[in-house]
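Sharing a structure with you now.
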Ligand code: C2E
Ligand code: CA
Ligand code: CA
Ligand code: CA
């Protein structure tokens, strides 16, 4: 039994070593990618359900590796957060997204908004609000066309610096969304305490609509909540026309999902904007 234990330990140790080596290699590659702008920003439209109008975009980062493989953010955002690379990565995304928004405004799509995902790790930066405002102004986009998406986690860690950040951002005219709303440890009190302008219902609640009755009730409740608090509502992950019908009949304002468009390169989105006349 003793020997067995040692073997197990040995195997485990080897596996840990292998994982660590793999992770370090990935960190090295990611650092290279950030420094050499191998990162690309894709965009996914937000659609006003009633009018079918495209009202905004969400910036979603991609990593295009040397061999052309497109790596999604779920594979590298956590590593970027652990290593601090999230800071230069986020600066790149914000700058790129603002420049792109300016370009689309100039093409005549001048109502478009741009949403950018913010990591909780960024909130510890001392000059974050100033940095963001400088980037927004440098790109010559109006602050009220920019929205920051923060996941619920940030609201739960009721840290004073977070509250301060959110109020300062709002005072500068930028909108604030709670991302992935409903998952995690929702406490509705933060809706009262934070200056939130919109809620994004997590796609796990949209997935099984309209058949799943529990989800239907939850979504209905969130819609009512947003309406009563006068907060904009976005449903994520819409893939079917039935889901749109359900959401529209319950007066959910805005939707996002593969049904309308997958996240696409700036070039492909420009083409979509020029040819899109609603579903
Ligand atoms: P998120 O902010 O919740 O973004 C929505 C994710 O759902 C995106 O995945 C999008 O491609 C995907 N999605 C959209 N519509 C549908 C649909 O109809 N069906 C399905 N199955 N999926 C849909 P993506 O692009 O892989 O991004 C994953 C996460 O990575 C994002 O989740 C966000 O948390 C994070 N992320 C992406 N870009 C950035 C960034 O620039 N900075 C930070 N901090 N995080 C980012
Ligand atoms: Ca988001
Ligand atoms: Ca989300
Ligand atoms: Ca998410």
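Just so it is clear, none of the values below were taken in a lab; they were calculated from the coordinates. Keep in mind it's a predicted model, so treat the numbers as computed, not measured. Quick reminder, even Gly has a Cβ in these numbers, built from the backbone with ideal geometry, and neighbours come from all protein chains shown.
What are the extents of the Cα atoms of the stretch 14-119 along their three principal axes, in Å, largest first?
The Cα atoms of the stretch 14-119 stretch 57, 28, 26 Å along their principal axes.
Percent relative contact order of the chain, based on C-alpha pairs within less than 8 angstrom and at least six residues apart?
So the answer I get is 18 percent.
Now for a different question. Taking the Cβ of each residue in 114, 166, 133 as the centre, tally the other Cβ atoms inside 10 Å and list the residues starting with the fewest.
So the ranking, lowest neighbour count to highest, is 133, 166, 114.
Let me ask another. Within the stretch 165-201, find all residues whose amide N lies under 11 Å from a label point positioned 7 Å from the Cα of residue 225 along Cα-to-beta-carbon.
Answer for the stretch 165-201: 181-192, 199-201.
What is the calculated FRET efficiency for residue 190 to residue 14, with r their C-beta to C-beta distance and R₀ = 51 Å, to the nearest 0.05?
Rounded to the nearest 0.05, the efficiency is 0.70.
Between 131, 144, 19, where does the largest GNM mean-square fluctuation fall for the chain, given springs only between Cα atoms within less than 10 Å?
Among 131, 144, 19, the largest mean-square fluctuation in the Gaussian network model of the chain belongs to 19.
Next question. Measuring from the lowest to the highest alpha carbon on each principal axis, how far does the stretch 183-267 reach, largest first, in angstroms?
Its Cα atoms span 38, 35, 23 Å along the three principal axes.
Can you give me the three principal axis dimensions of the chain from its C-alpha atoms, in Å, biggest first?
68, 47, 41
Ok, one more. Please compute the length gained on full extension between residue 245 and residue 232, using 0.36 nm multiplied by the number of residues separating them and subtracting their Cα-Cα distance.
2.8 nm
Translational diffusion coefficient of the stretch 105-259 at 4 °C, 1.567 mPa s, Stokes-Einstein with Kirkwood Rh over Cα pairs, in µm²/s as a whole number.
79
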